[in-house]
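Report on one structure; see the data block that follows.
The values are calculated or read from the model by the stated rules, or taken from the named source; none is laboratory data. The shown structure was predicted, so the numbers you read here are calculated from the model rather than taken from an experiment. Counting neighbours? That spans all protein chains shown, and the Cβs are built from the backbone with ideal geometry, glycine included. Ligands, DNA and RNA are stripped out before the accessible areas are found, and what is left, the full protein with its side chains, is counted by its heavy atoms. Shrake-Rupley method; radii C 1.70, N 1.55, O 1.52, S 1.80 Å.
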There are 2 protein chains.
Amino acid sequence: MQSYHIGQNAEISRTFDDSDVATFAELSGDTNPIHLDAAYAGESPFGAQIVHGMLVSSLFSTLFGTQLPGEGVVYLGQTLQFRAPVYFGDTITARVELIKLREDKPIGTFACRCTNQSGAIVIDGEAVLKLP
Amino acid sequence: MQSYHIGQNAEISRTFDDSDVATFAELSGDTNPIHLDAAYAGESPFGAQIVHGMLVSSLFSTLFGTQLPGEGVVYLGQTLQFRAPVYFGDTITARVELIKLREDKPIGTFACRCTNQSGAIVIDGEAVLKLP
């Protein structure tokens with residue numbers, strides 16, 4: 001096992017646009033008009049098109065798969081609370097931080113949070129990973 | 001609010017291929033070689049390339065966004081346990097079932113499960129939705 005410590009963290013920022021949302025809608029099959037139809041979304045309680053929550057959440061997977069811990073990780077679980085909508089053009093910063101490390105096995109728990117460019121939390125949750 | 005009942009469910013089946021995984025890797029930035037590099041993955045404990053867990057999990061979002069309940073849904077939360085790998089060419093069936101309905105608010109809890117073509121559970125968890 002590599003060396004880890006509580007508080008170890010990584011972050012990444014990303015701006016989602018209509019092309020990202022169209023690609024994810026096609027890939028996943030989630031063609032809900034709140035994501036794809038400007039007129040429909042404008043009349044909805046959200047007031048505009050929003051990015052799929054699962055697409056934004058994929059930033060956590062990206063951090064785990066490429067930065068902390070990167071190669072050799074095994075994703076065991078993830079919880080997600082979708083706290084606020086992500087609109088097209090929002091710049092989202094995803095951050096993961098090691099908050100618990102088992103002593104008997106190489107398994108870590110990470111706090112996960114996505115904030116928007118105003119600092120509002122849009123998604124949070126926890127992930128459990130088998131660590132290399 | 002539409003009418004709902006405990007046990008109400010929906011399902012969808014999908015086979016993931018290398019093109020889906022390449023698209024998701026590019027979209028999310030999760031370029032971990034367990035997904036993209038056949039030689040690396042072949043030497044890993046998984047023995048072959050695997051599909052991103054978050055891509056497979058997006059089938060739950062697809063069911064909620066397009067079938068049950070469909071338009072007007074608001075995704076509040078999702079838990080995911082990644083129980084077994086999904087390999088390229090596996091046919092995954094995602095199923096969601098309403099297991100709890102609040103009496104004071106239009107909020108439902110759904111059991112979520114993905115199984116592969118052999119019937120093995122590859123992902124399970126729960127989702128909480130605001131219902132239209």
Open item on the list: Output needed: percent of Cα pairs per 5 Å distance bin for the protein assembly as shown, bins running from 0 to the one holding the longest distance.
Closed with: 1, 6, 13, 18, 19, 18, 13, 8, 3, 1, 0
Open item on the list: Expected output is a single nm value to one decimal: the length gained when fully extending between B:THR15 and B:ASP124, i.e. 0.36 nm times separation in residues minus the C-alpha distance. What is it?
Closed with: 37.5 nm
Open item on the list: Can you give me the solvent accessible area of B:HIS5 with a 1.4 Å probe, rounded to the nearest 10 Å²?
Closed with: 110
Task: Cα-projected label distance for B:GLU43 with A:GLN8, points at 7 Å along beta-carbon direction, nm - done: 2.2
TODO: Pop out the carbon and sulfur fraction of the accessible area of the range A:9-130 as a percent, whole number, probe 1.4 Å.
DONE: 47
Task: Closest approach to the axis - chain A beta-carbon, rotation onto B, Å - done: A:THR79, 2
- [ ] Report, in deg cm²/dmol and to the nearest 500, the calculated mean residue ellipticity at 222 nm for chain B, where each DSSP H run with n ≥ 4 adds -39500 (n - 2.57) and the sum is divided by the residue count.
- [x] -7500 deg cm²/dmol
Task: Whole-angstrom gap from the range B:25-82 to the range A:61-90, using each part's C-alpha centre - done: 11
- [ ] Please name whichever of B:PHE88, B:PHE24, B:ALA111 sits farthest to the positive end of the charge dipole of chain B, dipole taken about the Cα centre and charges placed at Cβ: Lys and Arg +1, Asp and Glu -1.
- [x] B:ALA111
TODO: Check the straight Cα-Cα distances from B:LYS105 and name the lysines below 18 Å, setting aside those fewer than 8 residues away within the same chain.
DONE: B:LYS130
- [ ] For the B and A pair, go ahead and give the buried accessible area with a 1.4 Å probe, both sides summed, in Å² to 100.
- [x] 2800
Task: Accessible area expressed per residue, the range B:81-132, with surrounding protein chains retained (probe 1.4 Å, Å²) - done: 48
- [ ] Along Cα-to-Cβ, 7 Å out, sits the label point; list in nm, shortest first, how far the one on A:GLU103 is from those in the other copies.
- [x] 4.6
TODO: Can you pull the one-decimal nm distance between simple spin-label points at B:ARG102 and A:ILE99, each 7 Å off the Cα toward Cβ?
DONE: 2.2
- [ ] Every other copy gets compared here: list the nm distances from the B:GLU26 label point (7 Å along Cα to Cβ) to its counterparts, shortest first, one decimal.
- [x] 0.9
